[in-house]
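Only one structure is covered here, and it is reproduced in the block below.
The values are calculated or read from the model by the stated rules, or taken from the named source; none is laboratory data. For clarity, every value in this text was computed on a predicted model and none was experimentally measured. When we count neighbours, we look across all protein chains shown, and the Cβ atoms used for this are built from the backbone with ideal geometry, even at glycine.
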Amino acid sequence: MKKIKNEAALVTEALRVGAIYAKKRGAGEFEATDSAKLKITYLYKLLVHDKLIQPLAKNQEDEPHMRHKLALWISRTLPENHTLLQ
């Protein structure tokens, strides 16, 4: 797994955008008391279900790999001149 520049900030942005996506889709909302791990897992599974990202191999479905997948997803979704991609 290759490290992405600004990966932590990209994951934070992915969770923000993903929460909006899930709410608009009618798939639920994140609560203030939800843990980051729960949010990451839920958003990853939602994006895989909607075929917006490819699923990880069964032996790689852990939090670091899911975080990486979400960072890749949001980096492709953001405009090229976004500050997180600089």
Out of 55, 64, which single residue is surrounded by fewer than 17 Cβ atoms within 10 Å (Cβ to Cβ) and either of a type in the set (Lys, Arg) or more than 18 Å from residue 3 (Cα to Cα) (or both)?
55
Please specify each residue of segment 30-46 satisfying the condition of being of a type in the set (Asp, Glu) and surrounded by 11 or more Cβ atoms within 10 Å (Cβ to Cβ).
34
Which residues, taken from segment 2-11, are part of a helix (DSSP H, G or I) and surrounded by fewer than 16 Cβ atoms within 10 Å (Cβ to Cβ)?
8, 9
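Matching residues to (1) part of a helix (DSSP H, G or I); (2) at pLDDT below 95; (3) surrounded by 15 or more Cβ atoms within 10 Å (Cβ to Cβ); (4) charged (D, E, K, R):
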| position | (1), (2), (3), (4) |
| --- | --- |
| 22 | yes, yes, yes, no |
| 28 | no, yes, no, no |
| 48 | yes, no, yes, no |
| 72 | yes, yes, yes, no |
Does residue 12 fit the bill of being within 22 Å of residue 86 (Cα to Cα), β-branched (Val, Ile, Thr) and without any contact (Cβ under 8 Å) to a residue 12 or more places away in the chain?
yes
